[in-house]
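Derivation of every value follows stated rules applied to the coordinates shown; laboratory data play no part. None of the values given here were measured: they were computed from a predicted structure. Note that each Cβ is placed from the backbone with ideal geometry, even for glycine, and that neighbours are counted across all protein chains shown.
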Amino acid sequence: METVRKRELFTRHQPVAARGFRRVLQACLVLGVGLTACSPTYNWREVHADGDLDATLPCKPRDDTRRVTLAGRMVDMRLLSCEAGGAIWAIGTADVREAGVVGEALSGLRAALGANIGSTSELKGPASIVGATPFPAAGHFAATGKRRDGSAVQAEALVFARGTRTYQASVLRPGAASGPLQEAQEQFFSSLAFPVPH
């Protein structure tokens, strides 16, 4: 089931004893840190995707590579994915190697976000990624649909590019993001950035 759900993106939290959880909670309160950042559900770590993209994920990702079709050509897509807080988090990246087809590839990533859950995606806003190359087809997209087992699912993704390398940073969850999950999703999306020369 986990493998099937990861494929839907196109794209564990470590158990903590009650005593350990109390220590974590106390540290959060003493330091004045948000509970999402300290929650044992979300084990945040820095990751580095191809093309110099830096990000933080709330769980240890699995690193896969698969052949996919983008802009009418077969390319290798690297997928970093993991599960935490009842959601699947992923970063997919592929180099289409030709500037003229990047926009088409980004549109394909957007379409796949909805199609893989039996829906269509809607634009929520821009994909504000530091250091990304501006493309009209880039953006923040959302879709509501169903998994193959019929259960309801919602997906959100930032679709963007740097040069000829395309990216899809996605969250697949069982319902609307709220509370700690909403905070974690915002933290994930806001962490995405490319190094900027000084």
Projecting the Cα atoms of 80, 49, 68 onto the charge dipole of the range 41-84, where Lys and Arg contribute +1 and Asp and Glu -1 at Cβ, the residue farthest towards the positive end is 68
Expressed to one decimal in nm², the mean projection of the alpha carbon convex hull of the range 39-198 is 9.3 nm²
Distance in nm between residue 50 and residue 196 label points, each 7 Å along Cα→Cβ, equals 2.7 nm
Gyration tensor on Cα atoms of the range 111-197, a ≥ b ≥ c root eigenvalues, a/c under 1.5 rounded, else prolate if a/b beats b/c, else oblate, says oblate
Sequence order, the range 138-154: Karplus ³J(HN,Hα) from phi using 6.51 cos²θ - 1.76 cosθ + 1.60, θ = phi - 60°, Hz rounded, Gly and Pro as x, gives 6, x, 9, 10, 9, 8, 10, x, 9, 6, 5, 8, x, 6, 5, 8, 10
If every Lys and Arg gets +1 and every Asp and Glu gets -1 at its Cβ, then about the Cα centre the range 58-198 yields a dipole, in debye to the nearest 20, of 280 debye
Listing 170, 128 by rising number of other beta-carbon atoms within 10 angstrom, fewest first, gives 128, 170
Ordered by number, the GluC sites (Glu not before Pro) in the range 65-131 that occupy a DSSP loop and have at most 12 other Cβ atoms within 10 Å are 98
Ordering 85-95, 60-70, 110-120, 148-158 by per-residue average of other C-beta atoms within 10 angstrom, highest first, gives 85-95, 110-120, 148-158, 60-70
